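The values are calculated or read from the model by the stated rules, or taken from the named source; none is laboratory data. Treat the numbers as computed from the prediction; the structure is a model and nothing was measured. Don't worry about glycine lacking a Cβ; one is built from the backbone with ideal geometry, like all the others, and counts go over all protein chains shown. Ligands, DNA and RNA are stripped out before the accessible areas are found, and what is left, the full protein with its side chains, is counted by its heavy atoms. Shrake-Rupley method; radii C 1.70, N 1.55, O 1.52, S 1.80 Å.
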Number of protein chains: 2
Amino acid sequence: MASMIASPASESSLVRTARGERGATTPVWFMRQAGRSLPEYRALRAKGSMLDACRTPELITEITLQPVRRHGVDAAILFSDIVVPLVAIGVDIEIAAGVGPVVDKPVRTPADIERFRPLEPSDVEFVSAAVRSLVAELGSTPLIGFAGAPFTLASYLIEGGPSREHAKTKAFMHDEPALWHDLLERLAAIAAAFLRVQVDAGVSVVQLFDSWAGALSAADYERYVLPHSRSVLEHLDDVPRIHFGVGTGELLPLMRSAAADVVGVDWRVPLDEAARRLGGDVVVQGNLDPALLLAGWPVVEREVRRIVAEGKSARAHIFNLGHGVLPETDPGVLTRVVELVHSLGS
Amino acid sequence: MASMIASPASESSLVRTARGERGATTPVWFMRQAGRSLPEYRALRAKGSMLDACRTPELITEITLQPVRRHGVDAAILFSDIVVPLVAIGVDIEIAAGVGPVVDKPVRTPADIERFRPLEPSDVEFVSAAVRSLVAELGSTPLIGFAGAPFTLASYLIEGGPSREHAKTKAFMHDEPALWHDLLERLAAIAAAFLRVQVDAGVSVVQLFDSWAGALSAADYERYVLPHSRSVLEHLDDVPRIHFGVGTGELLPLMRSAAADVVGVDWRVPLDEAARRLGGDVVVQGNLDPALLLAGWPVVEREVRRIVAEGKSARAHIFNLGHGVLPETDPGVLTRVVELVHSLGS
């Protein structure tokens, strides 16, 4: 396995920090750093669908490298989408521009759930190819792999698309717990296989995105979601694992308990308070409000300094946003944030 | 002032509970109990716009009474919309079906802000008329008045409509603090005047809705929002005041400090934990997840029993949802929830 060969990236600042070591500087990357905030991305994506781009190794490679070249971030993150492994096993999903994933036939019945067969490496050969090419290009800069968590995938599948309330999903988990757990076990197996492909092709770190987990109470999260997210991460222990969601102030200790090495924190909980809730000896990632990147530089600078200072309460800190880069963000501000974070030490 | 005359509603279960007394049963009402879940509402609203309905005393009265008749809830809440007082001073806002408030000309400049003149009672005479008629009809059932909080109003005005990220709003508050505070002072004065009209016409309780406050960090909430919400509520001390937002687990003590007698809690924080964060001696309102009303009755019953039990940790508890009734809710389930809450004692 490629992951058994010590790569130059395995001694990088980001990987060492994710393992719990505090280095000379705080490593920094941005969720959605590869994407619509970059003119070079918009130019590449002018033709063709999002899903086509996610399945073309040359496009994956180029789009993944763009923010590394431009911003000097401490990690690349694989350009993909959480629904890619579902599409790869034949689920009928489109990514509608400005909307998000739209599912042709929402999941309701046991027969719907049985369609979620295991993911085979051959289903996502385009990802393996892109990761191998990226690892060769990136050298000592680590590549982060990623997958969508079972709950967030299930919400898209049950609602039929993005949802603010997740009402059908919550009703389904409570009314049909056996079907729910069957669906989430299958989605967990798919996410784990998707991450295993990426690790075997050479990614140095993985991040599990449970974007919508914060819609749940802690009791529901613990009962209906946590076991499945843990089953994604627990067998990927050959790389550091980041676990991220939004609005998860009540869930942070549970999310850590899902075999996570690093806990993502949105902007609602300061990192010193997050470290306190997590028992102190923890690696945190976050937590600049992406909306504040639209404010003037003095505001951004004050926030970056505050976050780096508060991050010292944790064992180690990976600087990031509290959610993805907004499309209207000036990419020059992102570059300045990287420079500022690196100038502040650790 | 009408509010100086002791009304039969002032000794009702809901009003006494809001004052901190624990009675024989837990009072219950539902946010958005008057609205699209009721067929009699949809029939009345088949013709005419939302704003027209909010400005017609006969329609306000009838729509406000519908859920009281049907469900036997312990309070009526005035049928209105948070933008009604803004429209009344001449701001160009429509309520688009399925979208929400849409602002013709988003607020950007000092000149935009100067348009927000004080609200005069004569601007909302239709509300005074409806409240007087409702108080006469309702007898011993209290009527809750309401207004949108300055931050939530400002977000609609600055974004131009509903927003998930509130990015322009957050950038504006940080970049232009003087303009921001000018805008929020004006919105606070309008909300306070709107509630004063309602109290003087006879409402027994008021609720300030800050639906989007949970998008903010506690630091930003405290600096940019709290003083203005407090200035709405602090002079309304002749009635109990409820303060509500969604996703406010980090903000509960701050929201209480805004001169609130009752703190609304969404479904993410259990009421015993909310009471702990608020210091125990507090009246809480909430916190059934409205999505779970779409699940089967055994699920709803289990949740209602849990919430009533956890509510005993507070000084007193008003049963409600954690957010508004979803349009697809079966109203028969709401009626059963009222019966169950009343059967459980307090």
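Figures for the structure shown
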| quantity | calculated |
| --- | --- |
| Average beta carbon contacts from partner chains per residue of B:216-225, 10 Å cutoff | 3 |
| Environment charge at B:GLU185 (Cβ cut-off 13 Å; Lys +1, Arg +1, Asp -1, Glu -1) | +1 |
| Residue of B:GLY202, B:GLY160, B:GLY286 that the Gaussian network model of chain B assigns the largest fluctuation, springs spanning Cα pairs under 10 Å | B:GLY160 |
| Helix-derived mean residue ellipticity, 222 nm - over chain A, DSSP H n ≥ 4, -39500 (n - 2.57), to 500 | -13000 deg cm²/dmol |
| Lys pairs, the protein assembly as shown - Cα-Cα below 21 angstrom, 8 or more residues apart or on other chains | 4 |
| B versus A: buried accessible surface, summed, Å² (probe 1.4 Å, to nearest 100) | 2600 |
| Average Cα contact separation per residue, segment A:167-304, under 8 Å, 6 or more apart, as relative contact order % | 18 |
| The protein assembly as shown - charge dipole about Cα centre, Lys and Arg +1 at Cβ, Asp and Glu -1, debye rounded to 20 | 440 |
| Formal net charge of residues neighbouring A:PRO106 (Cβ-Cβ distance under 13 Å; K, R +1; D, E -1) | 0 |
| Segment B:234-241 - phi-based ³J(HN,Hα) in whole Hz, Karplus 6.51/-1.76/1.60, Gly and Pro as x | 5, 9, 9, 7, 8, 9, x, 10 |
| Long-range Cα-Cα pairs in the protein assembly as shown (distance over 39 Å), rounded percent | 35 |
| Shielding by partners, peptide A:260-269 (average Cβ within 10 angstrom, other chains) | 2 |
| Ranked packing of B:149-159, B:248-258, A:95-105, A:306-316, most packed first, by mean Cβ within 10 Å | B:149-159, B:248-258, A:306-316, A:95-105 |
| Shielding score for A:289-299, defined as the mean number of other chain Cβ atoms within 10 Å | 6 |
| Segment B:137-212: trypsin sites (Lys or Arg not before Pro) in DSSP coil with no more than 16 other Cβ atoms inside 10 Å | B:ARG164 |
| Where trypsin sites (Lys or Arg not before Pro) fall in DSSP loop in segment B:55-132, at most 16 other Cβ within 10 Å | B:ARG108, B:ARG115 |
| Carbon/sulfur fraction of accessible area - chain B, other protein chains in place, 1.4 Å, % | 52 |
| Threshold 30 Å², segment B:162-198 residues less accessible with all protein chains present than alone (1.4 Å probe) | B:ARG164, B:GLU165, B:ALA167, B:LYS170, B:ALA171, B:HIS174, B:ASP175 |
| Probe 1.4 Å, accessible area per residue of segment B:261-339, Å² | 31 |
| Computed log₁₀ I(q)/I(0) - Debye formula, equal Cα scatterers, no solvent, segment A:8-343, q 0.10, 0.14 Å⁻¹ | -0.54, -1.12 |
| Part-to-part distance (alpha-carbon centres) for segment A:135-188 and segment A:224-285, which is given in Å | 16 |
| Amide H contacts of A:ASN287 (H built 1.01 Å from N, under 5 Å, at least 5 apart or other chain) | A:ASN320 |
| For B:GLY332, label point 7 Å along C-beta direction: distances to other copies, nm | 6.3 |
| Normalised per residue, the volume of the convex hull around the Cα set of segment A:1-157 (Å³) | 135 |
| Relative contact order %, segment A:72-230, counting alpha carbon pairs below 8 Å whose residues are six or more apart | 31 |
| Computed over segment A:5-148: relative contact order in percent, which uses C-alpha pairs under 8 Å that are six or more apart | 31 |
| Inter-copy spacing of A:LEU44 label points, which lie 7 Å from Cα along Cα→Cβ, given in nm from shortest upward | 5.7 |
